[in-house]
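One structure coming up, written as structure tokens, with questions to follow.
Any read-out appearing in this document is the output of simple, stated calculations on the displayed coordinates, not a laboratory observation. The model shown is predicted, which means the values in this text are computed figures rather than measured ones. As a convention, Cβ positions derive from the backbone with ideal geometry for all residues, glycine included, and neighbour counts pool all protein chains shown.
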């Protein structure tokens, strides 16, 4: 694998370029401050020969080592990595494998124990029933030895459901429960220590049709307790983040009348009542999705929340206009402290965020560079930010940008939206033509300002945001 440096030292934004088609789904930090990333790779987007990978990078973004995890099958998927409690140098990877024989699908659950050098120390696998495919999605280790897994459950040529699996580490026993009524899609799983209840968050009907997202409650033996709708309307990319025995946070994408998709964050008690909520950037024009997989991390007294700005869901995952990795930082009472935007040069989609030992956050996922003719592969990115949500010492030749303010939609037509981070209550937008002439100057006093561009001829423009004498955002905006 070749790689290109974007930044080094304590923060960085880096893309790992290879000849394979790759996506990253989860990550952990080691006690040495390195990061282990897991995901899947294939020779092309058909995914016929997909296999799992484990990649290790140091705290400055330099690739250290990589291994592939393969079975005697066509497909291996890796989705979950967890540190083994009480053992600083041991990690559990959870995935699955598929094979086909005489038109019958054979699926296995895969478990690997590795150390920080990526040495495989133990493996375990369990076979599913023929034509049943379990695809682990989220996992949690409770009381140091109980592993709970929320899995997608596919019945070949039939329904799409969920299952919850319980394993006693180190795999002394395994059991599970499958839900096959209606159709469900896995969202997240959380162990509530105050009540010893497992909250399973999923999309679908099952026992209640009044809300898209449900909360299914199970006891420690996976026996059914209750199933209720989530107490607010959300539509996708839902993620739950444990805080303490009384509180958890829930982040998802939502929308409403006259407002496109945007992020909503809820502070919840363990009775699943909303204590407080916040939402941002509500716009009738531009879409902000919450990040996929795990989109929220708690670091010290801050929440770091990932999103994808300027997203076009109808084109995903092959969007031919730029997206931004959007990082919002709030306090623990959901007051927004700052908003930052990374990227703007290709398509990005974050799948995992974790807190770092330095008080910041580490984000990984995939990117697609549509600017390269004929490019049909995804590549992994890794983004490490400091306690303020920033990357420092950005190289002059970086193709990506770090902005506190951007113009969207991009490309646009009759209007554009000036989006300014919460840390800048006032700013000024300057729009230049390609000859450097200022053709528009606009004072900004709110997070989003709609600007009429109907009189501008089609073409490419340079924008610059100034706040308190400093440039807080710059880039190109295209009018079609």
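Give the shape of the range 156-227 as rounded, prolate or oblate, defined through the alpha-carbon gyration tensor: a ≥ b ≥ c are the square roots of its eigenvalues, a/c under 1.5 means rounded, and otherwise the shape is prolate if a/b is larger than b/c and oblate if not. Before the final figure, lay out each step's value.
Numbers: a/c = 2.36, a/b = 1.33, b/c = 1.78.
It comes out oblate by the Cα gyration axes.
Taking every pair of Cα atoms in the range 426-480, average 1/r, invert it to obtain the Kirkwood radius, and report Rg/Rh to two decimals. Show your work: numbers first, answer last.
On the way: Rg = 11.2 Å, Rh = 11.7 Å.
Ratio of gyration radius to Kirkwood radius: 0.95.
Still on this structure: Please report the projected area of the range 333-404's Cα convex hull averaged over all directions, in nm². The partial results should precede the final answer.
Numbers: hull surface 23.8 nm².
The Cα convex hull of the range 333-404, projected and averaged over all directions, gives 5.9 nm².
Please compute the modelled spin-label separation between residue 99 and residue 47, points set 7 Å along Cα→Cβ, answer in nm with one decimal.
If labels sit at residue 47 and residue 99, their model points lie 2.0 nm apart.
At residue 256 and residue 437, where each label point lies 7 Å from the Cα along Cα→Cβ, what is the point-to-point distance in nanometres?
4.3 nm
Now, a different point. Using R₀ = 45 Å, calculate the FRET efficiency as 1/(1 + (r/R₀)^6) where r is the Cβ-Cβ separation of residue 277 and residue 72; round to 0.05. Present the calculation step by step, with values, prior to reporting the outcome.
Values: r = 49 Å, r/R0 = 1.09.
With a Förster radius of 45 Å, E is 0.40.
Quickly rank 381-387, 369-375, 450-456 as a protection proxy: mean count of other C-beta atoms within 10 Å, highest first.
Numbers: 381-387: 22.7, 369-375: 10.7, 450-456: 12.9.
Highest-to-lowest ranking by the protection proxy: 381-387, 450-456, 369-375.
Further question on the same structure: If the range 66-170 were replaced by its equivalent ellipsoid, with semi-axes equal to the square roots of 5 times the Cα gyration tensor eigenvalues, what would those be, largest first, whole Å? Could the numbers behind the result be given before it?
Values: eigenvalues 128, 55, 18 Å².
Result for the range 66-170: semi-axes of 25, 17, 10 Å.
Let me ask something additional. Roughly how many whole Å is it from the C-alpha centroid of the range 283-346 to that of the range 230-246?
16 Å
Once you sort the root eigenvalues of the Cα gyration tensor of the chain as a ≥ b ≥ c, which label holds: rounded (a/c under 1.5), prolate (a/b larger than b/c) or oblate (the other case)?
Working: a/c = 1.73, a/b = 1.49, b/c = 1.16.
Prolate.
Right, next: Please compute, over every Cα-Cα pair in the range 39-115, the percentage with a separation greater than 18 angstrom.
Details: 1414 of 2926 pairs.
Here the long-distance tail beyond 18 Å is 48 percent of all Cα pairs in the range 39-115.
Given Cα pairs under 8 Å that are at least 6 residues apart, what percent is the relative contact order of the chain?
Values: 1356 pairs, mean separation 46.4, N = 480.
Across the chain, relative contact order equals 10 percent.
I need the shape label for the range 119-202. Rule: rounded when a/c is under 1.5, else prolate if a/b > b/c, else oblate, with a, b, c from the alpha carbon gyration tensor.
oblate
Which part of the range 368-394 falls in the paramagnetic zone of residue 63, meaning amide N under 14 Å from the point 7 Å along Cα-to-beta-carbon?
Of the residues in the range 368-394, 378-382 have backbone N under 14 Å from the label point off residue 63.
I've got another one for you. If packing is taken as the average count of other Cβ atoms within 10 Å, what order do 464-473, 135-144 fall into, highest mean first?
Numbers: 464-473: 16.0, 135-144: 17.6.
Taking the mean over residues of other Cβ atoms within 10 Å, the ranking is 135-144, 464-473.
Would you mind listing how long the range 217-331 runs along its three principal axes, going by Cα atoms, in whole Å with the largest first?
So the three principal-axis extents are 47, 32, 26 Å.
What nm value, rounded to one decimal, do you get for the distance between residue 397 and residue 235 when each label is placed 7 Å out toward the C-beta?
4.2 nm
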